[in-house]
């Protein structure tokens, strides 16, 4: 096999099953997320309903993800991720049954809302176990010399799913309706379970360490807290995600501000993913990790500026360009964060803030607020962390 074979990781069937299942799951989850959010906004016309979607996914996700890595080491990974996929599949079936027009005599659209939130909470719980377990599986699927190549392919398939899912969701909603789209999601999830079941985990050794889960968490927290660049990177990421996200309230912009409907929502939702993919391709040639802290601040600042452009835009294509740039700038900071961090806060946390702010301030002021807060945080951390500009992660 060629030493610099760009397709090295793809030559291993187990890895092909992995990225295929990951791509299909990403597409299915995002299609479902977009159409359910749009459906909720059509019922309520209330941005807070979109914020609650983020909160009810974030609470169980955060709670479980803190312990998910520990369980992934201690117990059979295949059992955990298959049960997680199956749980998401069951939740999707419930959503389809609940929102199907033939059942409106059982639950009116308004009566469906609290049940939808309960199902979303359940899905967040399942994904909290899936995330760390699935991520920990990747190193066991290819030889060590192909880790870098497998990471590149895995990232590209995931990002492609991040584009295909949202971009197709709006069109599917328009063509198939809510029930037809959710039926397609269920079909994709069944395929995910089948492909994921083909992955063999018999060769993966379980962690026999007697260290308790709380002791493990304590050691990790102490390590991060005593490392300044790790600590400030976590703070920067947490606050930029909390205040800077606009994805959660895109249905408001698509329906009421830009008036582009579900088709336009799909394009808007996909724009950050397209920007992220192209930026990540660029970082392969111009690595941002030579000066990690400086470049991370630039990435988050650019994200904040692009967010403000989106907030003031009333032109659909300018809004798409601004969202494209949010994805591109975020990708720069993601590359740095993935180098200096192992665990990142989930984006759903920012979805709740966006929904609450949109309810209190209105959609446009809430996005302006988020952009200003992001830039303010960058300014404060720049003033407090100038010594970190000397840190190098990659030698020239």
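Sequence-distant contacts, meaning Cα pairs under 8 Å at least 6 residues apart, place the relative contact order of the stretch 1-199 at 48 percent. Ranked for footprinting exposure by Cβ neighbours inside 10 Å, fewest first, 202, 138 give 202, 138. The shape of the stretch 7-70 comes out oblate: with a ≥ b ≥ c from the C-alpha gyration tensor, a/c is at least 1.5 while a/b does not beat b/c. Here each label is just a point 7 Å from Cα along the line to Cβ, and for residue 256 and residue 67 those points are 3.9 nm apart.
Quick check on the stretch 122-163: take the gyration tensor over C-alpha atoms, sort the square-rooted eigenvalues as a ≥ b ≥ c, and tell me if it's rounded (a/c under 1.5), prolate or oblate.
Numbers: a/c = 4.90, a/b = 1.51, b/c = 3.24.
Since a/c reaches 1.5 but b/c is at least a/b, the shape of the stretch 122-163 is classed as oblate.
Between residue 101 and residue 156, what's the calculated FRET efficiency when r is the beta-carbon distance and R0 is 45 Å? Round to 0.05. Efficiency computed from Cβ-Cβ geometry: 0.70.
In terms of other Cβ atoms within 10 Å, 105, 45, 100, 146 run from fewest to most in the order 105, 45, 100, 146. Among 265, 308, sorting on how many other beta-carbon atoms sit within 10 Å of each Cβ, with the fewest leading, yields 308, 265. For residue 321 and residue 20, a Förster radius of 30 Å and the Cβ-Cβ distance give a FRET efficiency of 0.40, rounded to the nearest 0.05. From the Kirkwood radius over Cα pairs of the stretch 78-124, Stokes-Einstein at 37 °C and 0.692 mPa s returns a whole-number translational diffusion coefficient of 288 µm²/s.
Every number in this text was worked out from the coordinates using simple rules, so none of it is lab data. It should be emphasised that the depicted structure is a prediction, and the values quoted were computed from it without experimental measurement. Note that we place each Cβ from the backbone using ideal geometry, even for glycine, and neighbour counts take in every protein chain shown.
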